[in-house]
Structure formats: C-alpha cells, structure tokens
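Here the structure is laid out as structure tokens; the discussion comes afterwards.
The values are calculated or read from the model by the stated rules, or taken from the named source; none is laboratory data. Not measured: the values here are computed from a predicted model. Cβ atoms come from the backbone with ideal geometry, glycine included; neighbour counts cover every protein chain shown. The area values use the complete protein model at the heavy-atom level, side chains included, leaving out ligands, DNA and RNA. Shrake-Rupley method; radii C 1.70, N 1.55, O 1.52, S 1.80 Å.
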Amino acid sequence: MRRVFVAGGAGFIGSAFIRHVLRERRDAEVVNFDALTYAGNLANLADVSADRRYRFVRGSVTDAAAVAAALAGCDAVVNFAAESHVDRSIHDATDFIDTNVRGVHSVLTAAREAGVARVLHVSTDEVYGPATHDDARSEDDAFRPRSPYAASKAAGDMLCHAFAETHGMGVVVARPANNVGPYQHPEKAVPLFITRAIAGEPLPVYGDGLQVRDRLHVDDNVRALLLLLERGEAGEAYNIQADNHHTNIDVARAILDALDRPHDLIRYVDDREGHDRCYWMDWSKLRALGWAPTYDFDRAIEATVRWYAGNRAWWEPTVRAGAFRGYYERQYGARLAGAQPYRAQ
Ligand code: DAU
C-alpha cells in the first residue's frame with residue numbers, strides 16, 4: 001500500500017485510522033475524502049493536517065464522479081463513510097440508504113474501474129441482529145438487521161461480497177463492535193453520558209438499561225483494520241470484538257464514578273424502538289491473524305472519560321450549537337419529561 005483513499009476519514013473511527021496509518025506506515029500517503037456532514041470534523045485530524053503525506057478532499061460518496069476523481073492514483077481504499085446513528089435512522093432513514101448503500105456502490109465501482117487491488121469496507125456487528133455469549137455470531141451467519149441503520153449497513157456489506165464474487169475484487173469486510181474513545185460525536189451513548197455528567201445534567205438511559213454492548217477501544221479497532229487491509233483474505237469478512245461486554249447501566253455508572261458524580265444523575269427514559277438487547281460475535285478468525293485487544297472495559301471507559309474531560313474545546317461548541325440542541329430536544333425532551341429516577345440494580 002502506497003496511497004490509501006479513505007472515505008469518511010473525518011469521522012470518529014476514520015480519523016483514528018488515518019492517524020494510525022500515518023504513524024505506523026512511514027511510506028504511506030492518505031487521501032481523506034469526506035463530505036463533512038454534521039458528524040465529520042477536520043479538527044479530529046489537526047495533528048496530521050500539516051503532514052505532506054496527507055491530503056483532504058471534500059466530497060460525498062453519493063457523488064460517483066467525485067469519488068472516481070479523488071481515488072485516481074490510489075492503490076488501496078478504506079470505506080468508513082456512513083450515516084451511523086441508529087436513533088436518527090429511526091426518525092428518517094433516507095440519508096442512511098443514500099450513504100450506506102448507494103455510497104458503497106460508488107466506492108466499489110470507482111475502485112473497480114481504477115483497478116484498486118485492496119478495498120476494506122467497515123461494516124458493523126449490528127448486521128447480525130441480536131446475539132448472546134452462548135449464541136455468538138460468526139462471519140458466515142445470516143444477517144438479521146432490526147433497525148433501518150443496520151439494514152442499510154447489511155445492504156452495503158452484501159454489495160461488497162457481490163463485487164468480490166462477481167468482479168474478483170480484493171474486497172475485505174470488517175464488522176467491529178461498539179467503539180469508544182476520543183473524537184466520537186456527542187450524540188452517541190458514551191460521549192453523551194460523559195458530556196452530560198460533566199455538565200451535571202441527567203444521563204438518559206433507554207428502557208431498563210440492561211442492554212449489553214461490547215466496548216471496543218477505537219485504538220484497538222484501527223489496529224485490527226490496518227491488519228485486515230494488509231492481510232485480510234479477499235472476499236472474506238472479519239468480526240472485531242474486545243470481549244468488554246457490559247450493560248448500558250454499568251457504563252453510565254462507570255462514567256459517573258470516573259467523574260466523581262452521583263448515580264442519581266441517571267434517568268430511565270422510553271426505550272429505543274426495536275432496541276437490540278445484546279450483540280455478541282465470535283472473532284476467532286481475526287485472532288488467527290494475530291490481533292488481540294489491549295484495552296479492557298475499565299481502561300477503555302476511563303481513558304475516554306479523561307479525554308472528554310481534558311478536551312472540552314472539542315465538544316462544547318457541538319453540544320451548544322442549535323443543530324445539536326434541536327436534535328437533543330426532539331430525541332430526549334419528552335423522554336426526559338416522563339423519565340423514571342435511578343434505582344440501584
Ligand atoms: O455496535 C456497533 C455500532 O455501535 C455501530 O455500528 C453504530 O454506528 C454505532 O452508533 C453504535 O451503535 P449503538 O446503537 O450501539 O450506539 P449508541 O451509542 O447509540 O447506543 C449504545 C447503547 O446505549 C445502545 O444500547 C442504546 C443505548 N443508549 C443510547 C443513547 C444514545 C441509551 O441508553 N441512551 C442514549 O441516549
């Protein structure tokens with residue numbers, strides 16, 4: 001890999017991946033192609049913006065011509081570009097279909113026409129639908145997506161397999177679990193809970209808070225992604241999981257403890273519609289390539305809390321902006337008005 005085209009590189013995981021590649025591969029160049037929608041932020045890449053091996057091109061994966069132009073001369077492609085927030089897909093899935101399905105098609109088509117040897121597409125554990133420790137999902141298991149977001153990601157994932165089979169392309173699909181770490185948009189549960197706790201505001205926990213998610217630190221995830229880009233088998237998918245499974249209520253409490261705030265800031269609010277109870281994957285295929293996570297649950301949450309506490313200038317403008325306040329009111333206004341108080345469980 002000499003020059004890698006990264007779609008969606010200004011988002012949370014994409015920007016972590018770019019920082020990682022530029023640090024770990026001294027001969028690599030990166031073209032970051034990003035539409036800079038509400039979740040993309042070039043401040044995530046302030047550390048590398050002056051690096052001569054890094055170039056930013058503003059554009060959307062839904063614009064096939066723009067993708068093809070920006071991708072020219074690249075020999076590897078990584079696609080992070082996605083609408084990623086499940087709650088927003090419940091309100092309106094239009095952008096999810098555009099970016100997560102049509103966008104994947106444009107990236108695959110441009111990569112094929114340019115003769116790119118390696119394409120890594122970043123999918124999600126949510127394509128499998130609910131699963132448990134005793135019934136963990138392997139890469140060849142059926143997709144049973146239950147949210148419009150997960151359905152759109154499943155469609156993009158399947159397009160990758162179709163292009164690998166039909167056109168013999170070197171496409172690899174990664175299916176990571178729930179990521180935590182620096183630069184995640186404050187709409188997501190972990191940064192939302194942290195930023196609310198710092199402000200002394202209620203933490204809205206959906207339903208009974210006993211839903212389970214793995215908490216994979218983004219630094220571990222991007223190590224796995226680079227490994228898959230370089231060594232994943234063409235046409236194959238790989239699950240990425242840290243085995244840091246905890247309930248949402250555990251996460252809320254761990255955040256409050258790390259910030260020395262009382263647990264009674266927690267509020268139980270009306271549940272997410274179609275909320276998946278738990279995800280669980282078998283990741284032995286990735287383990288066989290030599291990857292292992294380095295962050296356990298406590299360290300992943302503590303490091304994330306410390307980062308948000310020390311980087312208020314990064315997130316405060318976002319949570320104060322009208323667009324986020326409007327979203328917050330629509331998503332949580334009525335929910336918080338009818339919330340139940342915290343009970344130890
Ligand atoms: O598992 C991978 C997925 O992780 C990615 O594919 C998605 O793009 C990413 O957004 C994330 O999806 P989740 O739905 O798991 O993330 P979210 O942070 O929205 O929610 C995490 C859990 O916390 C979930 O069970 C819902 C719950 N939750 C979420 C919010 C926003 C709450 O209890 N309260 C909240 O306010």
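Counting only residues that are open to solvent by less than 20 Å² (accessible area, probe 1.4 Å) and assigned to a strand (DSSP E or B), which one in segment 243-277 is farthest from Ser89 (Cα to Cα)?
Restricting attention to segment 243-277, the residues satisfying the condition of being open to solvent by less than 20 Å² (accessible area, probe 1.4 Å) are 244, 249, 251-252, 255-256, 266, 268-269, 276.
From the residues that got through so far, the ones that are assigned to a strand (DSSP E or B) too are 266, 268-269.
Details: Ile266: 25, Tyr268: 22, Val269: 19 Å.
Residue satisfying both the conditions and the ranking: Ile266.
Apart from one condition, Ala164 fits all of (1) of a type in the set (Gly, Ala, Ser); (2) within 16 Å of the ligand (Cβ to nearest atom); (3) touching a residue at least 40 places away in the same chain (Cβ under 8 Å); the exception is (2). Annotation: Val172 fulfils all but one of (1) within 16 Å of the ligand (Cβ to nearest atom); (2) open to solvent by less than 10 Å² (accessible area, probe 1.4 Å); the unmet one is (1). Residues in segment 139-150 that are open to solvent by less than 40 Å² (accessible area, probe 1.4 Å) and either over 21 Å from Val222 (Cβ atoms) or in a strand (DSSP E or B) (or both): Ser147, Tyr149, Ala150. Checking Tyr308, Tyr295 one by one, the residue that is in a loop (DSSP other than H, G, I, E, B) and within 18 Å of the chain's Cα centre (by Cα) is Tyr295 and no other. Within segment 83-107, the set of residues being in contact with a Ser or Thr (Cβ under 7 Å, 6 or more places away or on another chain) and open to solvent by less than 40 Å² (accessible area, probe 1.4 Å) comprises Glu83, Val86, Ser89, Ala93, Phe96, Thr99, Asn100, Val101, Gly103, Ser106. Residues that are touching a Pro at 6+ places or on another chain (Cβ under 7 Å) and of a type in the set (A, V, I, L, M, F, W, C) were ranked within segment 257-313; the one that is nearest to the ligand (Cβ to nearest atom) is Val269.
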